[in-house]
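Rule-based calculations on the coordinates, nothing more; no lab input. Keep in mind that what you see is a predicted model, and the values were worked out from it rather than measured. Here the Cβ positions follow ideal geometry from the backbone for every residue, glycine too, while neighbour counts run over all protein chains shown.
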Amino acid sequence: MILPGRTIGILGGGQLGRMTAIAARNLGYGVHVLDPDPACPARGVADLTITAPFDDELAAAWLARGVDVVTLEIEKLGRPAMRAAAERAPVRPGWQVLEIIQDRGHQRQWLADHGLPQGPWRSCDDAETTAAACAALGHDNFVKSRFGGYDGKGQARVRSAEDASRAFAAVGPNVVEQALPLVAELSVMVARRPSGETVVFPPALNHHVDQILEWSAIPAPLPAAVLDAAEEIARSIAGAIGLEGLLAIELFLLPDGVLLVNELAPRPHNSFHATERATATSQFEQHVRAVCDLPLGNTALVQPCAIANLLGDLWVGRDGKPATPDFGAALAIPGVRLHLYGKADARPGRKMGHLSATGATPEEATARVLRAQSVLVPR
Ligand code: ADP
Ligand code: MG
């Protein structure tokens, strides 16, 4: 066990790193962060921030030398930097997890090799195989970059042969996935510590707009059989991949009640921000506990909670000029809390923060948080 009082290193100082750092500080840990952006969100809550690119091996080694364990909040990390860190401190989760996850093609193949449920897919390296895969999988597909996509970036929807060649030109090496008739999207978060103890959070129900998470509620108001199946998938992935830390699994629910794996993320996840209020332990505290090999926290539901993301588009007044949203109006709604990430530059589509709201049911919490979101900008 790496006991409170020691120091944790985080590769990545975005909002997930910031909120993990806050949880670590609550537990009494020191926090060092490495991020390429000198104004990264975690800066204000870390004891030390190293400003360097993620592929800088010397910087990764420097981070690891000063801490007792290294963890991460992004999966876009290279093997040399991961190795440089791992020579000096345990890195959790380790390279074996990132190697599978950071390439969408490897991820799909790994899921297939382990018998996990997923929709039809093909891994493609050139325009010809992309076009052939799109033709083979039907007339409506997603062409997703194998590397580095997020919030729907690095993806194209393909409904014709012409779309397919355009998609390869835009996306490059990719995985073609059949567009599925989604009844709901949910996610499940599993934590596993090096000693093997594994716990799962109640699944979240997620709503996307333009492929970006708009709101999310815990517990997902779905049939118990679906939630049990999600937990089962999470446990089997965590064990098979040898997880040390957190793993979020995005899932699709189809009309016949079948659950399919969409994608994996080996870190805290936007759809589990509600755990700061919904469950006895937040995902961020659980992240710290798991990578420090502490006893994992209780994930039992305390109260339903929903979150709504605040994108940079909201930082605009009625006159179209930059403006601060009317946080006072949102916070006047009972049960609503504001979580801002400390980002100065409010670009469209950028995640600036989120609102959370509790309720007697996940539906009530969702309605409340969406009302709070809607009053931020007078329309
Ligand atoms: P990202 O890495 O950008 O989150 P995802 O693969 O999760 O990429 O896709 C983003 C969103 O696009 C999903 O949450 C879902 O709403 C939609 N989507 C992705 N793949 C499919 C699919 N095969 N069928 C239907 N919708 C999809
Ligand atoms: Mg996703």
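The residue list Pro266, Pro334, Leu301 was ranked by how far each Cα lies along the charge dipole of region 266-361 toward its positive end, using unit charges on Cβ atoms, and Pro266 comes out on top. Each of Thr299, Thr275 was scored by other Cβ atoms within 10 Å of its Cβ. Listed from fewest to most, they are Thr299, Thr275.
Taking Cβ atoms as reference points and 14 Å as the exclusive limit, the residues near Ala191 contribute a net charge of +1, counting Lys and Arg as +1 and Asp and Glu as -1.
Put the Cα centre of region 298-355 next to the Cα centre of region 241-283 and the gap is 22 Å. Mean separation of Cα pairs under 8 Å and 6+ residues apart, divided by the residue count of region 202-264: what relative contact order is that in percent? Worked out over region 202-264, it gives 22 percent.
Quick check: from the Cα gyration tensor, does region 166-265 come out rounded (a/c under 1.5), prolate or oblate?
On the way: a/c = 1.96, a/b = 1.30, b/c = 1.51.
It is oblate, given that a/c is not under 1.5 and a/b is not larger than b/c.
Counting only residues at least eight positions apart within a chain, or on another chain, the lysines with an alpha carbon under 16 Å from that of Lys351 are Lys153, Lys343. List the longest stretch of the chain that has no exposed loop site; here a site is one of the GluC sites (Glu not before Pro) assigned by DSSP to anything other than H, G, I, E or B, with at most 14 other Cβ within 10 Å. Longest stretch, sites excluded: 198-379. Looking at the chain alone, DSSP beta bridges between its own residues are antiparallel in about 80 percent of cases.
One quarter of the surface of the convex hull around the alpha-carbon atoms of the chain equals 18.6 nm², the direction-averaged projected area. Here Ser187, Ser216, Ser145, Ser165 are placed in order of increasing Cβ neighbour count within 10 Å, fewest first, which gives Ser165, Ser145, Ser187, Ser216. What does the C-alpha gyration tensor say about the overall shape of region 1-66? Classify as rounded when a/c is under 1.5, otherwise prolate if a/b is larger than b/c, or oblate. The shape class here is oblate. Going by neighbour counts of Cβ atoms within 10 Å, the residues His269, His207 line up, fewest first, as His207, His269.
Pulled fully out, how much extra length does the chain show between His139 and His207, if you take 0.36 nm times their separation in residues and subtract their Cα-Cα distance? Show your work: numbers first, answer last.
Values: separation 68, 0.36 × 68 = 24.48 nm, distance 2.46 nm.
Length difference between fully extended and current span is 22.0 nm.
Identify the trypsin sites (Lys or Arg not before Pro) of region 235-343 meeting these criteria: DSSP loop state and at most 14 other C-beta atoms within 10 Å of the C-beta.
On the way: sites: Arg235, Arg277, Arg289, Arg318, Arg337, Lys343; in loops: Arg318, Lys343.
Loop-located and lightly packed - Arg318.
P(r) tail, region 221-379: Cα-Cα pairs separated by more than 25 Å, 41% of all pairs. Taken about its Cα centre, the chain carries a charge dipole of roughly 880 debye when the Cβ of each Lys and Arg holds +1 and the Cβ of each Asp and Glu holds -1.
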